[in-house]
Amino acid sequence: MAAKGRTNYGMKSLVQQITNSIKKDIDKGVFRKNEKLLSINIYSKQFGVARDTIEKAYIRLKQDGYIHSVSGKGYFVIGKPDVRIKVLLLFNKLSSYKKTVYDSIVNTLGNKGKVDLHIHHYNPALLEESIDTNLGNYHYYVVMPHFFDHANEQEYLNVLRKIPPDQLILLDKDIPKLSKWSAVYQDFRNDIYGALNAVKYLIIKYERVVIIYPSDRHHPPEIKDGVAQFCTENDKKFEVVTSIKLDELIKGTVYIALTEHDLADLIKGVRITGSKLGKDIGIISFNETVFKELLDITVISTDFEEMGRKTAELMLQNRAAIIKNEFKIIIRKSL
């Protein structure tokens, strides 16, 4: 019989930490009903914790109805079949796409999960505050690790490392440097590079590619890198701008809009300049909406509903995996 789960020692008493750790493993199904736990002596030797501490933790578990003891045989799991999986979602911001992810997670978990939502606003300090306040209170911490462009990498890595790897799920973006067991992510650089290559035959008629990258929205910089790589390999002029003037759109250009506001400005600009969309000027937008479908705008997008579903399934199945979410380009008349 082997020990399961992971013990994470923080500010709480050692007895409470051990109690919470075993409770989480029982709730998540790591320890099954009627399964025998490590004896007090073996637990003490294996983890270097005093026998008295382990005994007190087991007593608390018995009092809370998680385990029972059989004289001469040991401690066995009763289980909590009615306990829901407790999830803390830590998003970088609120948006329609984030709502899709949230709704998909909640709907997939159903009555088997309870989800709380915090927003860290791209700020590692706010993320740390949420984690410090709630560490030990949830079975899973699902984090969107998007931060300010100037955020210190080591700072937010240290914050994320406070979460035990088996309780952390990275969402939307992977961080290879971080030791974790699960992620459901977009590969921003390679995704957009691949999407542009897929429509290279349509882009070939344009001279340049311009990406509108607002300085105050903190989009993943890897997006710019993927576009730059495509332009270099295909001999296209490449430019990054923070905004556009409606009457100064340049013919022979493909514009990539990351926000709804910039997309609206591009459409206005095409009309003001008398340009023909899909011939004089091309437009590619990020993330699909009904609005873009009606306007016949070419879109590159991940499947946010699928992202939420896959994340919830990892929790329901108590499974660890690094999953790249589906990414696609929808070709319409704007290109």
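Summary of values
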| read-out | value |
| --- | --- |
| Among (1) touching a strand residue (DSSP E or B) at 6+ places or on another chain (Cβ under 9 Å); (2) more than 17 Å from THR302 (Cβ to Cβ); (3) part of a helix (DSSP H, G or I), the one test that LYS268 misses | (1) |
| In segment 278-292, the residues that are surrounded by fewer than 20 Cβ atoms within 10 Å (Cβ to Cβ) and either part of a strand (DSSP E or B) or at pLDDT below 95 (or both) | ASN287, GLU288, THR289, VAL290, PHE291 |
| Members of segment 285-335 found to be of a type in the set (S, T, N, Q), touching a residue at least 60 places away in the same chain (Cβ under 8 Å) and farther than 30 Å from VAL270 by Cα, listed by number | THR311, ASN318, ASN325 |
| Test for GLU155: is it outside the structural domain of ARG319 (by TED's automatic domain parsing), of a type in the set (D, E, K, R) and either crowded, with 19+ Cβ neighbours inside 10 Å or out of contact with any His (no Cβ under 7 Å at 6 or more places or on another chain) (or both) | no |
| Only one of THR311, THR289 that is β-branched (Val, Ile, Thr) and either out of contact with any helix residue (DSSP H, G or I) (no Cβ under 9 Å at 6 or more places or on another chain) or under 24 Å from SER215 (Cα atoms) (or both) | THR289 |
| Pick from segment 44-95, criterion free of Cβ contacts under 8 Å to residues at least 12 places away in the same chain and among the hydroxyl-bearing types (Ser, Thr, Tyr), ranking: nearest to VAL142 (Cα to Cα) | SER95 |
| Considering residues of segment 122-150 that are touching a residue at least 12 places away in the same chain (Cβ under 8 Å) and loosely packed, with under 15 Cβ neighbours inside 10 Å only, the residue nearest to ASN92 (Cα to Cα) | PHE148 |
| Residue, surrounded by the most Cβ atoms within 10 Å (Cβ to Cβ), within segment 197-222, restricted to residues that are in a helix (DSSP H, G or I) and touching a residue at least 40 places away in the same chain (Cβ under 8 Å) | ILE203 |
| Test: GLY29 is free of Cβ contacts under 8 Å to residues at least 60 places away in the same chain, under 22 Å from ASN137 (Cβ atoms) and not assigned by TED's automatic domain parsing to the domain that holds LYS162 | no |
| Residues (at negative phi and outside any helix (DSSP H, G or I)) located in segment 297-321 | ILE297, THR298, VAL299, ILE300, SER301, THR302, ASP303, GLN317, ARG319, ALA320, ALA321 |
| Residues of segment 237-257 satisfying the condition of being surrounded by fewer than 19 Cβ atoms within 10 Å (Cβ to Cβ) and under 30 Å from the mean Cα position of the chain (by Cα) | PHE238, GLU239, VAL240, VAL241, THR242, SER243 |
| Matching residues in segment 250-265 - criterion: being closer than 20 Å to SER215 by Cα and outside any strand (DSSP E or B) | LEU258, THR259, GLU260, HIS261, ASP262, LEU263, ALA264, ASP265 |
| Cross-chain or 6+ apart pairs with Cβ under 8 Å, segment 228-242 first and under 20 Å from ASP262 (Cα atoms), then surrounded by fewer than 13 Cβ atoms within 10 Å (Cβ to Cβ) and modelled with pLDDT under 95 | THR242/SER215 |
| Residue within segment 193-214 that is modelled with pLDDT under 95 and of a type in the set (S, T, N, Q) present | no |
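The values are calculated or read from the model by the stated rules, or taken from the named source; none is laboratory data. Computed from a predicted model, the values in this text were never measured in an experiment. Cβ coordinates were reconstructed from backbone atoms using ideal geometry, including for glycine residues, and neighbour counts include every protein chain displayed.
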